[in-house]
Amino acid sequence: MSEKLKQIINQQNDTQTESIDQSDDIVQLVGFVIGEEEFAIPILSIQEIIKPITWTRVPQVPPYVLGVFNLRGSVIPLIDLRRKFGLTPQNQNDETRFIVMRDEDDVAGFVIDRLTMAIRIKKTDIGPAPETMSGDDTMIDGVGKQDDRIITILKVKKLLERDF
């Protein structure tokens with residue numbers, strides 16, 4: 001093998017090793033929009049993302065709980081994040097999606113206005129929740145900075161808590 005080829009192979013191996021080491025410092029999220037704000041959740045908390053399907057209303061639940069829907073034999077509560085966040089309800093359109101989130105045995109579907117993208121962000125680019133929102137009761141896990149965007153990272157465990 002020529003010296004030049006050995007150098008190229010060694011450089012590739014070094015680059016791969018560096019990217020593996022840095023992967024521990026990267027958080028993978030899925031971004032979505034509610035109203036005018038961009039939010040994100042860890043990609044591993046998502047069971048699936050589907051186009052809206054029919055659901056059944058459930059009596060005596062808070063207004064943000066739209067009802068339940070059947071997903072391959074599982075009955076899952078459906079929560080409208082616009083209403084949960086205190087925004088005006090909006091009719092569903094072509095960009096509306098249901099994100100089914102899971103944390104251990106807790107599962108729920110959430111109505112979002114639209115998906116944005118998969119986001120890879122360095123842990124160093126994620127700051128804590130604002131002081132006015134800190135504490136165990138907040139749904140905000142942190143605030144990510146990427147280029148010129150600010151992304152609010154939500155706590156899936158808090159979103160899935162049943163208060164109804």
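Every read-out reported here was derived from the displayed coordinates using simple, explicitly stated rules and does not represent laboratory data. Nothing here was measured: the structure is a model prediction, and the numbers come from that model. Neighbour counts run over all protein chains shown; Cβ positions are idealised from the backbone, glycine included.
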note = Distance in nm between I49 and K158 label points, each 7 Å along Cα→Cβ, equals 2.2 nm
query = What is the extension gain from F85 to V107, computed as 0.36 nm multiplied by their sequence separation minus the C-alpha to C-alpha distance, in nm to one decimal?
reply = 6.0 nm
note = Applied in sequence order to region 82-96, the curve 6.51 cos²θ - 1.76 cosθ + 1.60 (Karplus, θ = phi - 60°) yields integer Hz couplings, x standing for Gly and Pro, of 4, 5, 4, 8, x, 8, 5, x, 9, 5, 6, 9, 5, 8, 5
ask   = With r defined as the distance between the Cβ atoms of N93 and D125 and R0 fixed at 22 Å, what FRET efficiency is calculated, to the nearest 0.05?
value = 0.10
task = Can you find, among P89, L78, V61, the residue farthest towards the positive end of the dipole of region 60-111? Put +1 on the C-beta of Lys and Arg, -1 on that of Asp and Glu.
result = P89
